[in-house]
Amino acid sequence: SSGINAESQSVLFSFSIYKTSKYFTDSCAAMIASKVYVPMNFGKHLRDSPTHNTLKLHTSKGGEVFASSVILSFNSPVIDHVTTTLHMTSVDMLEFSEAAVQVFVDAAYSGTAEGITREIFRDINKISHVFEMSWLEGKCVEYFTHLVESVKQPSYRELKFLLEEAGYVSEHLKKQNLLTLAIEKIENLGYKQEFLKKYLKDAEKLSINELDIPAVMATLR
């Protein structure tokens, strides 16, 4: 018989349903993705869910942080590429501390940058730059600006910290905005010559890598 038997009809019907369902699912996913604007609060409670957190992030000193590849992909086009296009289930972030990577993940989940501290500022700023999490990079600039504005009187210790962090960003991330803020603060406090004198004295005791002298001194001379 040239007709289609019941079994074939059932298969064709099932395939049709599958295609329709897949199209609907893909369309919904695309529609949802198009309506996601970060930063967004996806819910901090999801951070501890082994069901959702299937992406493993390897940090320095053998640390591991787990996260949702979907949530990180919404925030970072780099993570989106390595998970969606390259189908990777883990990412090496060996340059960064576990604490900094955890703050990076927490920021993606919560849509806030509450965890940035002086101790991990450099790592967080570089992570946001490397993984193109632009809104978090902006929050790092806000945090640094706040630190600059909080210095009301000449303080060599505070200004040295600001200058070294800004110098690192200038040298390694090729961005001058933080260095400009730090230099202007030193100059506005009328502390440039005194600061430079102390800085050069300290430089004799420390390595170039510790102080990032080339980027800093080129600006202060």
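The values are calculated or read from the model by the stated rules, or taken from the named source; none is laboratory data. Computed from a prediction, not measured in an experiment: that's the story for all the values here. Cβ: placed from backbone, ideal geometry, glycine included. Neighbour counts: every protein chain shown. The accessibility values were calculated without ligands, DNA or RNA, using every heavy atom of the protein model including side chains. Shrake-Rupley method; radii C 1.70, N 1.55, O 1.52, S 1.80 Å.
Just a few scattered comments:
- Boolean, Val130 is open to solvent by less than 40 Å² (accessible area, probe 1.4 Å) and out of contact with any Asp or Glu (no Cβ under 8 Å at 6 or more places or on another chain): no
- Residue count for the stretch 173-191 satisfying the condition of being surrounded by 14 or more Cβ atoms within 10 Å (Cβ to Cβ), out of contact with any Lys or Arg (no Cβ under 7 Å at 6 or more places or on another chain) and in a helix (DSSP H, G or I): 6.
- Some residue of the stretch 150-160 being open to solvent by 20 Å² or more (accessible area, probe 1.4 Å), part of a loop (DSSP other than H, G, I, E, B) and within 22 Å of Ser97 (Cβ to Cβ): no
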